[in-house]
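Reviewing the structure listed below.
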Amino acid sequence: MEQATLTRRGTDDPRLSEDELRLLAQIATGVTADVAARKLELSARTLRRRLRSICDRLNVNTPIEAVVWAARRQLI
């Protein structure tokens, strides 16, 4: 049930996990990728790879665009 509250509405919209939304929320605070990675207990490389995956699925070019996408949908 919680997953439903974390997804965009629509038939072909990509779904983001809680971890992915937490990652975007960290980026939204304005911290660097290295700081966000430490807070999420990830390596900086893993964080960047996950950000790229999120951007690809959302069809956006930058992590900031992904943050805006999630914020507009009140997911973060």
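Laboratory data are not the source of any read-out in this text; all were calculated from the coordinates shown. Computed from a prediction, not measured in an experiment: that's the story for all the values here.
Under a 5 Å amide H cut-off, with hydrogens placed 1.01 Å from N, Leu16 pairs with Arg8 among residues at least 5 apart or on other chains. What's the long-distance tail for the range 17-72, i.e. % of Cα pairs beyond 14 Å? Every Cα pair in the range 17-72 considered, those over 14 Å come to 45 percent.
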